[in-house]
Amino acid sequence: MKNKKIIYRLIVIVIFLIIGVGLYAYKEYNRKNVDLAATKPAYTLTDMQLIDEFTQDQNASNKKYLGKILELSGNIKKIDTDANGYHTVILGNAVNMNSVRCSVDSAFNKEAHNLTVGSTVVIKGICTGYNADDLGLGSDVILNRSIAINK
C-alpha cells in the first residue's frame with residue numbers, strides 16, 4: 001500500500017515537472033525581441049566617448065556596456081550594404097581609424113536608406129563587442145539591432 005502511494009506521488013511530480021519545462025520552453029521559443037524604439041537606453045553618449053572608453057580599458061568597458069542598450073550620437077563615416085540589402089552604419093570621424101559599427105535592425109532597414117554619409121545621427125543599439133586593433137586598421141565597437149532615432 002505504501003509503495004503505491006510513493007509511486008503515485010512520484011508520477012504526479014514528474015508530470016508537473018514535464019508540464020513546467022514544456023511551458024518554459026514554449027515561452028522562450030515564442031519570446032519577442034525588445035523594441036529598441038520604445039526602450040530607454042542604459043547609457044547615452046557620443047561615438048567618440050564610447051571608442052575612447054574601450055580603447056583605454058577594454059575589460060572595464062566590456063563589463064559596463066556589453067549587452068546594454070546604448071544611444072549614440074555621432075557622424076556617419078560610411079554606410080555598408082550587404083548582398084541581402086541590410087545596412088551597417090559606421091560612426092566615427094575621418095581622422096580616426098577607430099569606429100562604431102552599427103548593424104541596422106531589419107525592421108528599420110528602410111529608414112537606413114535616408115541616412116547620408118557625413119551627417120550627424122542618433123543611433124540606439126545593443127553593444128555586443130569590441131574588435132581591438134591588431135593590424136593597424138582601427139578598432140571597432142559593435143552595436144547590433146540598431147535603429148536611427150529622429151530627435
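Taken together, the values in this text are just the output of simple stated rules run on the coordinates, not laboratory data. Because the structure is a prediction, the values reported are computed rather than measured. Note: ideal-geometry Cβ built from the backbone for every residue, glycine included; neighbour counts use all protein chains shown.
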Quick one: Karplus J couplings for segment 40-48, per residue in order, coefficients 6.51, -1.76, 1.60, θ = phi - 60°, nearest Hz, x for Gly and Pro?
6, x, 6, 9, 10, 7, 8, 4, 6
Specify which residue in the list 102, 126, 33 is farthest towards the positive end of the charge dipole of the chain, using unit charges on the beta carbon of Lys, Arg (+1) and Asp, Glu (-1), about the Cα centre.
33
Could you pull out every one of the aspartates and glutamates with an alpha carbon less than 12 Å from that of residue 124, ignoring same-chain neighbours closer than 8 positions?
35, 47, 71, 105
Which ³J(HN,Hα) values, rounded to whole Hz and listed in residue order, are derived for segment 15-32 from phi using the Karplus coefficients 6.51, -1.76 and 1.60 in 6.51 cos²θ - 1.76 cosθ + 1.60 with θ = phi - 60°, glycine and proline given as x?
5, 5, 5, 4, 5, x, 5, x, 5, 4, 4, 4, 4, 5, 5, 9, 5, 9
Kindly write out, for segment 97-114 in residue order, the coupling ³J(HN,Hα) from the Karplus curve 6.51 cos²θ - 1.76 cosθ + 1.60 (θ = phi - 60°), rounded to whole Hz, with x marking Gly and Pro.
6, 6, 7, 10, 9, 10, 6, 6, 4, 4, 5, 10, 5, 5, 5, 5, 5, 7
Violations at 30 Å Cα threshold for listed pairs 40/78; 5/27; 32/77; 40/77; 4/27 -> 5/27; 32/77; 4/27
